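Colleague: What follows is a single structure, and I will ask about it in a moment.
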Amino acid sequence: RVMLAGLAGAAGLAVAGVAGWQALRGSPPARTLYRIAGGPREFFEDEEVIDLFAAEGLTVQHTQFGSGQLQFIDLSKYDGVFPASAIMARYIQGLVGNRAQFPSFGSPMVVMTWKPIIDILTANDIAGEKHGIGVFDVMRYLDHVHNKKRWPDGGLLGNRQLLLHTTDPSTSNSAAMFIAVASYALNGNNTVTDAETVARLLPRLRSCFTPQGDMRTTTGVLRRDYFEGPGTVPIGWVYEDDVLDEMLTERPREISYLYPTPNVISDHYFIPVNDHPDGARIGRMLQSHERFIEIAQLRYGNRYGAGTQKFAETLAAKNITVPSHSTLDKLGLAGVPSTDILGSFIDALQPQRKSPA
């Protein structure tokens, strides 16, 4: 049974290097190997992050998994996992004996799109502006899907059905977050808590996934395909940091995005899965190390509970506007269903995938 999705991404590996100051001391001190499954590849492959771990006598070996895979990997091959949601963190804790968890950075969801597409969405009352932020009305979108709305004939998108591209909910946390938000909206802005409501809402949710055909397994693949152009991904459901880390590069590619209403914030939690003596120390570093926080926020667009003011100020200086946590509250935050309820949605959606007509 698929309980929840964890983190998106293709398999990758990063091995830590040696900090410059250590090299000056002659032969570097022995370092401890620590193996982490899940978490953002770009962060763990960052050279400065590698050096910061090395300065603490640590070599962190990171392997990235699609979120659903975290439920099925052999945890004995890893020392810690880094899922992207509180529910997945609780599920992992149940597997490893309710060990400590260390909340760190997180991200709300965004709809990655294109300026000409925003004009079409605006004309159909799906896109708009609230509190100075471009927004994507999830309930209006769901109504258009229910009515089988199509993109304007003769345009770049032909006469295809108007569909938001998501990842596969069995392998990716971002798609599970879409289910959480969509079910909340369909349930009158109430979190789904019972099997009867799951059954009632499933046909509406199925119409969002079935016409997609084969879905991307990770958010990273969806983001990669987005940059092929609006004909490939006119609108895509991704994390805010998928957009911001692109905009924070020296030469960002063209990108437009909207904040869904309601939204949800998906937080990362580091969980040691064995008795490795450095597990808690790495957890505390990811949670509160000042430089780690700066790198995650200002280089890769991740939010932290601490330092959000500097985060917003830095982005504003680059002409990047992001909603504060209080603005996200005003725009509306959805409640995420329990592991069992969300798993019921995901399980029921699995047999429904088919190739698009």
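Colleague: Measuring from label point to label point, each 7 Å out along Cα→Cβ, what is the residue 228 to residue 251 span in nm?
Modeller: With each label point 7 Å from Cα toward Cβ, the separation is 2.3 nm.
Colleague: Right, another one. Need one number: the % of Cα-Cα pairs in the chain sitting beyond the 35 Å mark.
Modeller: Tail of the P(r) past 35 Å holds 23 percent of the pairs.
Colleague: Just to be sure I follow the rule: in the chain, considering lysines 8 or more places apart or on different chains, how many pairs have Cα atoms under 22 Å apart?
Modeller: Lysine pairs meeting both conditions in the chain amount to 9.
Colleague: Taking the Cα centre of the chain as the origin, how large is its charge dipole in debye, to the nearest 20, when only Lys and Arg (+1) and Asp and Glu (-1) carry charge on their Cβ atoms?
Modeller: Result for the chain is approximately 540 debye, rounded to the nearest 20.
Colleague: Tell me which residues come under 5 Å, amide H to amide H, from residue 256 once H is placed; ignore anything under 5 positions away on its chain.
Modeller: Counting only residues 5 or more places away or on other chains, the set is 113.
Colleague: Residues with amide H under 5 Å of residue 59's amide H, sequence separation 5 or more or different chain, H placed in the peptide plane at 1.01 Å from N; which?
Modeller: Sorted by chain and number, the residues that satisfy this are 32, 33, 34.
Colleague: Now a separate question. Say a site is exposed when it is one of the chymotrypsin sites (Phe, Trp or Tyr not before Pro), sits in a DSSP loop, and has at most 16 other Cβ atoms within 10 Å; what is then the longest site-free stretch of the chain?
Modeller: 73-226
Colleague: Helix-only estimate, please: 222 nm mean residue ellipticity of the chain, summing -39500 (n - 2.57) across DSSP H runs of length 4 or more and dividing by its residues, to the nearest 500.
Modeller: For the chain, the value works out to -11000 deg cm²/dmol.
Colleague: Considering the chain as a Gaussian network with a 10 Å cut-off on Cα pairs, which listed residue, 216, 90, 224, attains the greatest mean-square fluctuation?
Modeller: Most flexible of the set in this elastic network: 224.
Colleague: Now for a different question. Would you kindly derive the ³J(HN,Hα) couplings of region 185-201 from the backbone phi angles with the Karplus curve 6.51 cos²θ - 1.76 cosθ + 1.60 (θ = phi - 60°), listing them in order in whole Hz, with x for Gly and Pro?
Modeller: 5, 5, 9, x, 6, 9, 5, 6, 10, 9, 5, 5, 6, 4, 4, 5, 8
Colleague: Counting pairs of alpha carbon atoms under 8 Å apart in space and at least six apart in sequence, what relative contact order in percent does region 99-149 give?
Modeller: 20
Colleague: Using each residue's phi in region 45-61, evaluate 6.51 cos²θ - 1.76 cosθ + 1.60 at θ = phi - 60° and report the 3J(HN,Hα) Karplus result to the nearest Hz, with x for Gly and Pro.
Modeller: 8, 5, 4, 5, 4, 4, 5, 5, 5, 4, 5, 9, x, 10, 10, 9, 9
Colleague: How long are the semi-axes of the ellipsoid equivalent to region 225-357, from square roots of 5 times the Cα gyration tensor eigenvalues, in whole Å, largest first?
Modeller: 28, 25, 17
Colleague: Please report how far the C-alpha centroid of region 30-96 lies from that of region 321-341, rounded to the nearest whole angstrom.
Modeller: Centre-to-centre distance over Cα atoms comes out at 26 Å.
Colleague: A further question on this structure: Through the Karplus equation 6.51 cos²θ - 1.76 cosθ + 1.60, θ set to phi - 60°, convert the phi angles of region 273-280 into ³J(HN,Hα) values in whole Hz; use x for Gly and Pro.
Modeller: 10, 8, 9, 3, x, 9, x, 5
Colleague: With a sphere of radius 15 Å drawn around the Cβ of residue 276, what net charge do the other residues whose Cβ falls strictly inside it have (Lys, Arg +1; Asp, Glu -1)?
Modeller: +2
Colleague: Amide H to amide H, which residues 5 or more places from residue 267 or on other chains are under 5 Å from it, using H placed in the peptide plane?
Modeller: 86, 107
Colleague: Let me ask something additional. Rounded, prolate or oblate: which fits region 107-250 when a ≥ b ≥ c are the square roots of the eigenvalues of the alpha-carbon gyration tensor, with rounded for a/c under 1.5 and prolate only if a/b beats b/c?
Modeller: Rounded shape, in that the Cα axes give a/c under 1.5.
Colleague: Counting DSSP beta bridges with both partners in the chain, what percentage is antiparallel, nearest 5?
Modeller: Counting DSSP beta bridges with both partners in the chain, the antiparallel share is about 60 percent.
Colleague: Could you work out the local net charge near residue 122, counting Lys and Arg as +1, Asp and Glu as -1, over the other residues with Cβ closer than 15 Å to its Cβ?
Modeller: 0
Colleague: Same structure, new question: For helix 339-349, report the angle its Cα long axis makes with the longest principal axis of the Cα atoms of the chain; keep it between 0 and 90° and round to the nearest 10°.
Modeller: Helix 339-349 sits roughly 50 degrees off the main axis of the chain.
Colleague: Given an 8 Å cut-off on Cα distances and at least 6 residues of separation, report the relative contact order of the chain as a percent.
Modeller: With pairs under 8 Å counted, the relative contact order is 27 percent.
Coordinate-derived values only; no laboratory data. Please read these numbers as outputs of a predicted model, since none were measured by experiment. Every residue, glycine among them, receives a Cβ derived from its backbone with ideal geometry; neighbour counts consider all protein chains shown.
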